[in-house]
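What follows is a short report on a single structure.
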Amino acid sequence: MSVFSTRLREARIAAGLSQERLGILAGIEEASASARMNQYERGKHHPDPSMVERLAKVLNVPEAYFYCRDNDLAELVQAYHRMSTSKRLEIVAFTREHQ
């Protein structure tokens, strides 16, 4: 299974969505939503960039999350995505100071 497939499945489950519901919310036709999401999660097919963008929006994760091989980095990317702008600026400043 690819990193993308694994992250997609994890994010979908964390959001409490079925494959079908996620597909529908991301703009896939109801008749094929479940099958397409299943193919993405099994790694049989990979969505195009616009679909990745829509999936990320529905799941409230940054697109980069889907491609993080390292679990700690994936967690940091998600946390950063959900932070307020002021908290993000603090994190960036802290990181620059400690390089």
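Could you please tell me which pairs satisfy a Cβ distance under 6 Å, a separation of 6+ or placement on different chains, a first residue in region 3-23 that is in contact (Cβ under 8 Å) with a residue 12 or more places away in the chain and within 8 Å of residue 59 (Cβ to Cβ), and a second residue that is aliphatic (A, V, I, L, M) and outside any loop (DSSP other than H, G, I, E, B)?
Pairs that qualify, where the first residue is in contact (Cβ under 8 Å) with a residue 12 or more places away in the chain and within 8 Å of residue 59 (Cβ to Cβ) and the partner is aliphatic (A, V, I, L, M) and outside any loop (DSSP other than H, G, I, E, B), are 11/59; 12/22; 15/59; 22/37.
Conditions first: (1) open to solvent by less than 20 Å² (accessible area, probe 1.4 Å); (2) within 20 Å of residue 77 (Cβ to Cβ); (3) touching a residue at least 24 places away in the same chain (Cβ under 8 Å); (4) touching a Leu at 6+ places or on another chain (Cβ under 8 Å). Residue 47 passes all but one, so which condition is the exception?
(3)
Quick one: what pairs do we get from region 55-77, first residue within 16 Å of residue 13 (Cα to Cα), second in a helix (DSSP H, G or I) and of a type in the set (Asp, Glu), C-beta under 8 Å, 6+ apart or different chains?
56/63
Take the conditions touching a residue at least 24 places away in the same chain (Cβ under 8 Å), out of contact with any Lys or Arg (no Cβ under 9 Å at 6 or more places or on another chain) and surrounded by 14 or more Cβ atoms within 10 Å (Cβ to Cβ) and apply them to residue 36. Does it pass?
It is false that residue 36 is touching a residue at least 24 places away in the same chain (Cβ under 8 Å), out of contact with any Lys or Arg (no Cβ under 9 Å at 6 or more places or on another chain) and surrounded by 14 or more Cβ atoms within 10 Å (Cβ to Cβ).
Filter region 50-99 down to the residues that are under 25 Å from residue 28 (Cα atoms) and polar (S, T, N, Q), then identify the one that is surrounded by the most Cβ atoms within 10 Å (Cβ to Cβ).
Within region 50-99, the match that is surrounded by the most Cβ atoms within 10 Å (Cβ to Cβ) is 78.
The values are calculated or read from the model by the stated rules, or taken from the named source; none is laboratory data. Everything numeric in this text was worked out from a predicted model, so none of it was measured. Glycine also receives a Cβ, built like all others from the backbone with ideal geometry; neighbour counts cover every protein chain displayed. Surface areas here come from the heavy atoms of the whole protein model, side chains and all, with no ligands, DNA or RNA. Shrake-Rupley method; radii C 1.70, N 1.55, O 1.52, S 1.80 Å.
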